[in-house]
1. So which residues in region 15-43 are closer than 19 Å to PRO200 by Cβ and in contact with a helix residue (DSSP H, G or I) (Cβ under 7 Å, 6 or more places away or on another chain)?
2. Could you list, in sequence order, all residues of region 51-67 that are in contact with a helix residue (DSSP H, G or I) (Cβ under 7 Å, 6 or more places away or on another chain) and in contact (Cβ under 8 Å) with a residue 12 or more places away in the chain?
3. Is it fair to say ALA72 is within 28 Å of LEU251 (Cα to Cα) and in contact (Cβ under 8 Å) with a residue 60 or more places away in the chain?
4. Taking region 95-110, which residues are assigned to a loop (DSSP other than H, G, I, E, B) and not aliphatic (A, V, I, L, M)?
5. So, restricting to helices (runs of 4 or more DSSP H) that lie completely within region 1-94, which ones have at least 3 residues that are over 29 Å from ALA116 (Cβ atoms)?
6. Tell me, yes or no, whether region 48-58 has at least one residue that is within 19 Å of ARG124 (Cα to Cα), surrounded by 20 or more Cβ atoms within 10 Å (Cβ to Cβ), of a type outside the set (Lys, Arg) and touching a Gly at 6+ places or on another chain (Cβ under 7 Å).
7. For ALA79, state whether it is of a type in the set (Gly, Ala, Ser), farther than 30 Å from GLY16 by Cα, modelled with pLDDT of 95 or more and crowded, with 16+ Cβ neighbours inside 10 Å.
8. If I ask for residues that are within 9 Å of THR75 (Cα to Cα) and in contact (Cβ under 8 Å) with a residue 40 or more places away in the chain, which ones from region 97-122 would you list?
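The values are calculated or read from the model by the stated rules, or taken from the named source; none is laboratory data. Computed from a prediction, not measured in an experiment: that's the story for all the values here. Here Cβ is always computed from backbone atoms with ideal geometry, including for glycine, and neighbour counts include all displayed protein chains.
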Amino acid sequence: MPKTGFLAMDARHCAGAEMHEMMAYGASVGSKKAKNEIKAVGFIGTSCSSTANYFGKKQGLGTMPHAFIGFAKSTLRAAQLFYESFPKEDMTVLVDYFGKEISDTLEVCNYFNKHAKNGKLSIRLDTHGGRYLEGLDIEKSYEILEKFCPNSIKTYRNEQEMKWLVGTGVSVSSIFYLRNILDKNGWKKVKIVASSGFNPQKCLLFANTNAPIDVIGTGSYIPNNWEETYATADIIKYNNKSLVKKGREFLIK
């Protein structure tokens, strides 16, 4: 995806600092090759300052973690807390925690309208693979692709490709859906950051559909092949009240 920036978010899936360093180094090498050969945007950085030097940065980059949204008790409140602490920073708001991706996006963009109009606001989608983005279902997803990318569903697709196109989680249809809503409301400068299982095959499919993604957070697909190392952590309770990202309720049952 030469027109899309990438963020190395492998650290939370690594079994130790050595593995993290190797993964970040590998990403930086591949990124440099893509930049030289096809003028790709490539990797814009990593989530950890410890490996930022591989990408020519002084510190790590990132977005709001799910735990921060849970702590704030609302997506908008999390954005407000971020702004209070870092008023000069660009803001990337995670909107899938409560399963209200569209509602929370509209609320945040309305509140931070200047940020939205000036290109200082990004929306991150990390919708759980077990549910559709707010407002979508299988029928609506097909309608969106028919409107914005009809050729993508007029060729042979295997089961996994169809899920990435019109299924649950972060799909091609969900990206087009969010982009259209942002544009219709005058927020054409608001960027879309996507994460959730972006391996090379998923990236290729999204590239072929020209899905309007500005940045992709990736890194889990490598340790996913080494099951003994694959792990992630979720905060599941705040002040003795159970709360997790929508779709991960199994963690507290």
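1. Matches in region 15-43: ALA24, TYR25, SER28, ALA40, GLY42, PHE43.
2. Across region 51-67, the qualifying residues are THR51, TYR54, PHE55, GLY60, MET64.
3. Spelling it out, it is not the case that ALA72 is within 28 Å of LEU251 (Cα to Cα) and in contact (Cβ under 8 Å) with a residue 60 or more places away in the chain.
4. The answer is ASP96, TYR97, PHE98, GLY99, LYS100.
5. The qualifying helices (runs of 4 or more DSSP H) are 17-38.
6. yes
7. yes
8. Selection gives TYR97, PHE98, THR105.
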